[in-house]
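Notes to accompany the following structure.
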Amino acid sequence: MSTMYVDNIVEKTSTAGVQIPGHVVQYIPASFATFQTRYQTTSNSYGSSGYSLTITPKSATNIILITYHLSAYNNSSTHYCYAVVQRVGTGALLQTENAAGLGAWPTLSASASEVAGTTNAITYTIYGRVNGGTGYFGWSGGGYTSPSQNFNSYHLMEIAQ
């Protein structure tokens, strides 16, 4: 087995970056401010929560990994909150419905991935709906001070291929 020691790795071109398959090229986390406004809905149709992140891929063949953990509550003990992530502009649904409810504040968690397909900016937005009652997504209404995100997180990662 060999060991390689280096002091510096310099990319060959000034815009491509160093691509090591399987490694994270960039990481885009949601800021504290992202979740300061709670999304509320009574609609059975998906609406934008306003929780959006944008990434500009370094390579069109890289994978974009989307992950979120989102507090959700429905004021009806017999109804649910549903969430999905969509790629803005294409309407592409990137995960199946995720549901929580029955009068509790659980965390909706999901992840999805796709090939970037472009080196232009891509925006991903979390959408929410309910099947009755009033749904609340994001901030639970209490204890929300920086740096706490009240159990909410949302991030994108570009993975080199």
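Taking the number of Cβ atoms within 10 Å of each Cβ as an exposure proxy, the fewest-first ranking of Ser45, Ser2, Ser76 is Ser2, Ser45, Ser76.
For the chain, modelled as a GNM whose springs connect Cα atoms under 10 angstrom apart, the maximal fluctuation among Ala92, Ala72, Ala100 occurs at Ala92. Here's the picture: charge each Lys and Arg Cβ at +1 and each Asp and Glu Cβ at -1 in the chain, and of Ser71, Tyr124, Ser45 the one pushed furthest to the positive end of that dipole is Ser45.
Working out 0.36 nm times the residue gap between Thr78 and Asn8, then minus their Cα-Cα distance, what length gain in nm do you get to one decimal? Walk me through the numbers on the way to the answer.
Numbers: separation 70, 0.36 × 70 = 25.20 nm, distance 5.90 nm.
Extending this stretch completely gives an extra 19.3 nm.
Under a Gaussian network description of the chain, with springs only between Cα atoms under 10 Å, the residue in Thr34, Thr78, Thr56 that fluctuates furthest is Thr78. Using the Cα centre as the reference, give the magnitude of the dipole from point charges on the C-beta atoms of the chain (Lys, Arg: +1; Asp, Glu: -1; all else neutral), rounded to the nearest 20 debye. Magnitude of the dipole: close to 260 debye. Computing FRET efficiency as 1/(1 + (r/R0)^6) for Ser111 and Gln161, where r is the C-beta to C-beta distance and R0 is 22 Å, gives about 0.80. Using a simple spin-label model with pseudo-atoms 7 Å out from Cα toward Cβ, Ile28 and Leu102 lie 3.6 nm apart. All Cα-Cα distances of the range 45-84, cut into 10 Å bins from zero to the largest, leave 18, 42, 25, 11, 4 percent in each bin in turn.
Only one residue of Trp105, Gly22, Ile159 has its Cα farthest out toward the positive end of the dipole of the chain, where Lys and Arg carry +1 and Asp and Glu -1 on Cβ, and that residue is Trp105. With neighbour counts taken as other beta-carbon atoms within 10 Å, the residues Thr123, Thr41 rank, fewest first, as Thr123, Thr41. Once Rg and the Kirkwood radius are both taken over the C-alpha atoms of the chain, their ratio Rg/Rh works out to 1.08.
Read-outs throughout are calculated quantities, based only on the coordinates presented, and are distinct from any laboratory measurement. What you see is a predicted model, and the numbers here were worked out from it, not measured in a lab. All Cβ positions, glycine included, derive from the backbone under ideal geometry; neighbour counts span all protein chains shown.
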